[in-house]
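Peer 1: Could you have a look at this structure, given as structure tokens, before my questions?
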Amino acid sequence: MKTIDMSEQKIKTIASILTLKDDESIELHLKSIGNEDGTGVDNSKGSANWDLRYNELLKLSSNSLKPIRIKRGWEFVILYNLSSTQLYIFVKKKRLNEIMKNDDMTHYIKLANLLGIDPTIKEMTPLTEQLELFDKIYEQDENLLMMAKSIYNLTPSNVFIFSFDDGFIPSIMALSFNANQELIWQKNYTYLLDSNYQVDINSDGINSGENESSIPLKQKKNIVRLKRI
């Protein structure tokens, strides 16, 4: 089985799209639904975050990478590698754990795992250190395979799931499963993420803007002296 057939720069771009939060765009979304103060109803904020990610992924179209929009209850975007025929799907880490733990085989991620035709996939031994969440084995079902083909209309060599966390400490991993939904490959790409210094500064209660500090001059001098020690 091949590893992901993309440059690290391209993977870094994808990782940044998935994990960076666009606070300005979300603020505009809240204004558009009249919920600036956060006390109103806001069922669509989670979807708004995903819409922002998907719209950025759509911009990655190139000679080798094709974004594809799929509607199944809601609209999502996958990436298809035209040269290697690899398929890339995106999901939050917490949600992936829920999906793999659930016995329902009709989720679009589990269905995608049925599609990989690389013959080496069947030969790969499931990872011995895989999470207990991923250790269930499912019987093959031709109806499920037909459902998967009807959704994706593709015959990928491999399917890779980008699982990410966009919290205070963002992370991203690429995973691959066999048709039995067993984890057979993974790689941590968190090292490609740039530090979000803006988040770090604000998290300490420090105003990172350019407004004049309200700290008295005498107190400022004391702070400077402390920093020199």
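None of the figures in this text is laboratory data; all of them are computed from the coordinates on show. Being a predicted model, the structure only gives us computed values, none of them experimental. Every residue, glycine as well, gets a Cβ built from its backbone with ideal geometry; the counts of neighbours run over all protein chains shown.
Peer 1: Give Lys59/Lys93; Lys21/Lys122; Lys101/Lys149; Lys21/Lys71; Lys10/Lys101; Lys71/Lys101 a once-over and call out the pairs whose C-alpha atoms are over 28 Å from each other.
Peer 2: Over 28 Å Cα-Cα: Lys21/Lys122; Lys10/Lys101.
Peer 1: Need one number: nm distance between label points at Ser7 and Asn188, each 7 Å from Cα along Cα→Cβ, rounded to one decimal.
Peer 2: Inter-label distance under the simple model: 2.6 nm.
Peer 1: Further question on the same structure: What is the spin-label model distance, in nm, from Ser150 to Arg95 if the labels are put 7 Å beyond Cα along the C-beta direction?
Peer 2: Modelled inter-label distance: 2.3 nm.
Peer 1: Follow-up. Using amide H atoms built in the peptide plane, which far-off residues or other-chain residues are under 5 Å from Tyr189 H to H?
Peer 2: Ile172, Met173, Ala174
Peer 1: In addition: For Lys59 paired with Lys21, estimate the spin-label separation in nm (one decimal), with each label point 7 Å from Cα along the Cα-to-Cβ line.
Peer 2: Between Lys59 and Lys21, the label points sit 2.0 nm apart.
Peer 1: Given a Förster distance of 30 Å, report the FRET efficiency between Asp104 and Thr125 from their Cβ-Cβ distance, rounded to the nearest 0.05.
Peer 2: 0.70
Peer 1: Let me ask another. Taking H placed 1.01 Å from N in the peptide plane, check which residues at least 5 places from Lys92 or on another chain put their amide H under 5 Å from its amide H.
Peer 2: The answer is Phe164.
Peer 1: In terms of modelled amide H atoms, which long-range or inter-chain residues lie less than 5 Å from the amide H of Gly167?
Peer 2: Amide H neighbours of Gly167, under 5 Å, 5+ apart: none.
Peer 1: Please turn the phi angles of segment 47-52 into ³J(HN,Hα) values with the Karplus equation 6.51 cos²θ - 1.76 cosθ + 1.60 (θ = phi - 60°), one per residue in order, whole Hz, x for glycine and proline.
Peer 2: 5, 5, 4, 5, 4, 4
Peer 1: Mind listing the phi-derived Karplus ³J(HN,Hα) values for segment 113-123, rounded to whole Hz, using 6.51, -1.76 and 1.60 with θ = phi - 60°, and x for any glycine or proline?
Peer 2: Values, residue by residue: 5, 7, 8, x, 9, 4, x, 6, 4, 5, 7 Hz.
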